[in-house]
Each structure stands twice: as structure tokens, then as C-alpha cells.
Amino acid sequence: MSTTIKNATIKSATIKFGTSGWRAIIAEEFTVSNVRRAVAGIADYAAGKNPSGARIIVGRDPRYMGERFVDIAAEVLAAAGVKPLVIAEPAPTPAISYEVIRLKADGAINFTASHNPPEYSGIKFSTSDGAPALPEATSAIEALIASNGKPVAGTSAKITRNTIDPKPAYLARLKEIVDLPLVRDSGLKVVFDPLWGAARGYPDELLREAGIPVATVHDTRDVLFGGHAPEPEGHLLDEMRQKMKDTGARIGIATDGDADRFGIVDEDGTFIQPNYVIAVLFDYLVESRGWKNGVAKSVSTTNMINALAEHHGVPLYETPVGFKYIGELIKQDKIAIGGEESAGLSIRYHVPEKDGVLAGLLCCEAVARRKKSIGQQIKDLFGKVGSFYAQRENFRLTPEVKAKFTSKMKSDPAELSGRKVKQLVRADGLKVILDDGSWVCYRVSGTEPVVRIYSEAKSEPELARLATAAKDWINH
């Protein structure tokens, strides 16, 4: 499809919803016209599901043009006969998810590119259950977008803006989940880094109201996120570490651009890998809540979860990458916690969506109750179920090598790194499990010539050898 304007031809992007929505660079593919097309497809989908009067929540993170995109979405929805419920200020993705459930809305359009660099924007669509849209929903929306062969306009009539604020209800829910009096009475001091993102004024306000000392960094709006991706990874959290030193805080909690991902810094300044955070919180929830209904993890997440599930006698669910699959298990109350190594988790009786705010607060509770740092708790887990060391690496491939390797992933390797292959798992990419319990998982990107390699072994030297062998296998 293309539109001709004064002898210039503007091509419309092919809008595809990936693992967590549609994302593109602002003013390249993420344009006003393409946003209109995407929202029109969602409006048609929602109207088809609820012909008697669909209502869609429209929210955003603090990115550039966010307010304008929200206005456009409201216009397009109203023109299609769908009532827009507009969130005026940036809001965390999990808060929007909770509001969908609370208001019994037909879904939510969230303008966010999550942890992507500042030049990106995106649309996450949640269905009426507050969960990320499953492939059958996004495929239907993509088809509706593609079938609309003409430019999409909003309504010329004045829209009655129905403005909502998800913050009070969401914070009230977190107060029900997290034992804030326990944290307060422990004397724990906390530092929070929202990375200029949507969680500003959320966990810090909750902690402060509970009488828990909390300091913040990066607590202003910056559409450039300090000049880098708003990703809560160790190398981007130095200012939080410094604030922890200055205030004597024993834990630092961070969230990404839309607050669905978490980052945890321990009292000694160590960044805690998300794999370990999920394992610690799983163990903690079994201990503190007595929840033994199940645990879920994506195929690329640490097998420490497998070992803990066996240790506690808890059912284990291993899913493809994408939190929507874990969200389904939360909705069915099959799991106490579900998580992904990319720093996303949620728990029983909560939203079927990643919640970075909740993750940080639960870590504070675990430190307060157990009177041990997160690092000490990880050592305790090693004593329970053995040691696990994991890493993830991304490798760019030429299109030719990518095509060849995609074909190679269909083969059945007999050994890797001098070890016999015990099992092959193809739930998402190729996971090669070796006879000593170590493993490698290969996932090829569907949008760029990149292969992601996840490796895990019982010791750091073994991990280094395994990672080298995993890389070598790509080209041999």
C-alpha cells in the first residue's frame, strides 16, 4: 500500500506484532499514518469482540511524541465507535494491565518501546484479561490492518475525553501483595532508579508513604533516557550504586522505560542477574506464602528453576519466549511465579503481565524478612540445589550465514563441548541439553540477522568453555 502526496510516494510499513508488540523507529516506520493504521486494526478487532460497545484504555511511557500518539489513538478509536479511556500521564505497563482488569475494559493500547533505545516507539496491545495479546489476536489484528487499503482518519467531531488514572488502584494492590510494614520495621534503606521511565513516582511513593527510607535517581522526564536505552542492566546503574553508597542503602531497585522489567543491585554494588532474582523470589514465595501450585519459566531461563521445582515438589512449566505464555498460566492459577531471563516476572493473584515494580518490592521484602542480602540468598540456593552460571550473547550474522544456520538448527547434534547431547528441545529455537545438565539455547531473530545464544553450566570455567563451543557450532 502507498499514498501519493504531491508527486512523492510514502510507503506504509508492514505492521507486525512481535514478542511484545510492534516497535519501530519514530518518523521512519513509526509515523502518524502508520499509528492510525495500527490503531484502526485494533479498533476493528475490539469492536468485533464486543459489538455492543467496546472500551479501550490508551496509555504511554514518557517517550517522544507519546502525548500526540495517545491523542491520535483516541480519535481513531472514537471514529470506529470504540470508547477511548485515556491515561493522561505516563504509566507502567503493569499498572495499565491492572486497570484493564479492574475496569473490565476490552483491552489497552500502550505506546511504549519498553527498554528499546529512545529513537524507537511502539504499541503493546493487551486483551480484555490484561495479558499481552496472544498470537491469534495479533495475527487477526495484522490481517485487519493489511486489509484496510485506504488512509485512516480520526473523527472530525469533538471527542469526549474519558480520562482515567491507574495509579491509586495499582498502588493499593501492591500494598496488599507486599509486606511493607515488615520492610519498614527492618530498617531497610532503598534506592530507586526509574531510568527516566514510566515508574517515576510509583514504588518510591509507596515506600515513602509506608515510612521506608527511599532515595531516587533519574527522577525527571527525559525523552532521550540519558542518551541510551532505558534498560536496567548493570552497566547503566552506576548512579544508583553511588546513591546507595551515599545513603547507606542495602538494596537498589530499577525499572525499564515502561516498568515491566526489573534491575536489582545488591548491598555491595553487585548487579544481580535476572535469572537469580527469579530463582530467589520463587524460593521465597514458597517459603513465605506456602504457594506450591507451580512455577513457569521461558525455555532460555536458568535451569536453577527446574532444580528448585524438584526440590520443593512443585510442577514446572517451560514456555516459549514471550511473557504472554506465562501470563496464561497466571490466569489459570497454575503457578506461584513465572519469569524470563530478560528480567520479567509476575506472581499468583496478580496481573498476567511482567511487573518490574513488583519484582523490586518483593526483593526488598525478601531481604527484610530473611535478614540476608540477595547475594547471600543466592549462595543459600546453591547449597540447596547446586550451582548455576548462565549468560546470553547476541551475534550478528550475514543474511547468508543466518539462512544457513536457521537450516542447521533443524539438525540433531550428537555432542557439544565434548559432551554428549542428552535432549533436544524445540519449543522456541533449539535448546541442546548435555549429559552433565549444562545447556545451550539458540534463538534466531525474526526481524534482524542476529542469533541469540544462551548458555548455562555448573561452574564459570565450564560456562566459558561451553559458550566458546556454542559460538563455534554456528560456523561449523
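The values are calculated or read from the model by the stated rules, or taken from the named source; none is laboratory data. Please read all numbers here as calculations on a predicted model, not as lab measurements. Cβ coordinates were reconstructed from backbone atoms using ideal geometry, including for glycine residues, and neighbour counts include every protein chain displayed.
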Subject >> In the range 319-335, residue nearest to ASN116 (Cα to Cα) [restricted to those that are in contact with a helix residue (DSSP H, G or I) (Cβ under 9 Å, 6 or more places away or on another chain) and surrounded by fewer than 20 Cβ atoms within 10 Å (Cβ to Cβ)] >> reply: GLY322
Original post:
Based on what the data block shows, is PHE225 at pLDDT 95 or above and touching a helix residue (DSSP H, G or I) at 6+ places or on another chain (Cβ under 7 Å)?
Top reply: no
**OP:** Evaluate the range 290-307: report whether one residue or more is out of contact with any Phe, Trp or Tyr (no Cβ under 7 Å at 6 or more places or on another chain) and part of a helix (DSSP H, G or I).
**Re:** yes
Subject >> Matching helices (runs of 4 or more DSSP H) fully within the range 336-416 where at least 1 residues are in the same structural domain as ASN275 (by TED's automatic domain parsing) and surrounded by 18 or more Cβ atoms within 10 Å (Cβ to Cβ) >> reply: 356-370, 374-385
**OP:** Just give me the residues in the range 151-174 being surrounded by fewer than 18 Cβ atoms within 10 Å (Cβ to Cβ), out of contact with any Ser or Thr (no Cβ under 9 Å at 6 or more places or on another chain) and at pLDDT below 90, in sequence order.
**Re:** ALA153, THR155, SER156, ALA157, LYS158, ILE159, THR160, ARG161, ASN162
Original post:
In the range 58-87, what residues are under 20 Å from PRO168 (Cα atoms) and touching a Pro at 6+ places or on another chain (Cβ under 8 Å)?
Top reply: VAL58, GLY59, ARG60, ASP61, PRO62, ILE87
**OP:** Tell me, please, whether a residue that is of a type in the set (Phe, Trp, Tyr) and closer than 16 Å to ASN34 by Cβ can be found in the range 117-136.
**Re:** yes
Subject >> Total residues in the range 187-209, condition outside any loop (DSSP other than H, G, I, E, B) and not aromatic (Phe, Trp, Tyr) >> reply: 10
Subject >> Members of the range 185-234 found to be without any contact (Cβ under 8 Å) to a residue 24 or more places away in the chain and within 18 Å of ILE264 (Cβ to Cβ), listed by number >> reply: ASP204
Original post:
Just to be sure, is ILE42 in a loop (DSSP other than H, G, I, E, B) and outside the structural domain of ALA359 (by TED's automatic domain parsing)?
Top reply: no
Original post:
Within the range 60-88, can you find the residues that are over 20 Å from GLY226 (Cα atoms), in contact (Cβ under 8 Å) with a residue 60 or more places away in the chain and outside any helix (DSSP H, G or I)?
Top reply: LYS83, PRO84, LEU85, VAL86, ILE87, ALA88
Subject >> Selected residue (criterion: modelled with the lowest pLDDT) from residues of the range 408-429 that are at negative phi and small (Gly, Ala, Ser) >> reply: ALA427
**OP:** Determine, yes or no, whether VAL425 is within 20 Å of TYR276 (Cβ to Cβ) and of a type in the set (Val, Ile, Thr).
**Re:** no
Subject >> Lone qualifier among LYS354, LYS372 - being touching a strand residue (DSSP E or B) at 6+ places or on another chain (Cβ under 6 Å), on the phi < 0 side of the Ramachandran plot and basic (Lys, Arg) >> reply: LYS354
**OP:** Please list, ordered by first then second residue, the pairs with beta carbon atoms under 8 Å, 6 or more apart or interchain, first in the range 268-290 and β-branched (Val, Ile, Thr), second part of a loop (DSSP other than H, G, I, E, B).
**Re:** ILE272/ASP266; VAL277/ALA343; ILE278/THR301; ILE278/THR302; ILE278/GLU341; VAL286/LYS292; VAL286/VAL314; VAL286/ALA336
**OP:** Residue by residue through the range 41-73, note down the ones that are of a type in the set (Gly, Ala, Ser) and under 25 Å from the mean Cα position of the chain (by Cα).
**Re:** GLY41, ALA43, ALA46, GLY59, GLY66, ALA73
**OP:** Return yes or no: is LEU207 over 27 Å from ARG184 (Cβ atoms), at pLDDT 95 or above, of a type outside the set (Asp, Glu) and in the same structural domain as GLY344 (by TED's automatic domain parsing)?
**Re:** no
Original post:
Only one of (1) touching a Leu at 6+ places or on another chain (Cβ under 6 Å); (2) modelled with pLDDT of 95 or more is not met by ARG348, so which one is it?
Top reply: (1)
Subject >> Lone unmet requirement of (1) closer than 24 Å to ILE453 by Cβ; (2) of a type outside the set (Phe, Trp, Tyr); (3) part of a loop (DSSP other than H, G, I, E, B) for ALA259 >> reply: (1)
Original post:
Within the range 426-444, is even one residue among the aliphatic types (A, V, I, L, M) and in contact (Cβ under 8 Å) with a residue 60 or more places away in the chain?
Top reply: yes
**OP:** Evaluate the following for ARG452: is it surrounded by 15 or more Cβ atoms within 10 Å (Cβ to Cβ) and under 17 Å from GLU341 (Cα atoms)?
**Re:** yes
Subject >> Failed item in (1) polar (S, T, N, Q); (2) in contact with a helix residue (DSSP H, G or I) (Cβ under 8 Å, 6 or more places away or on another chain); (3) surrounded by fewer than 23 Cβ atoms within 10 Å (Cβ to Cβ), with SER52 passing the rest >> reply: (2)
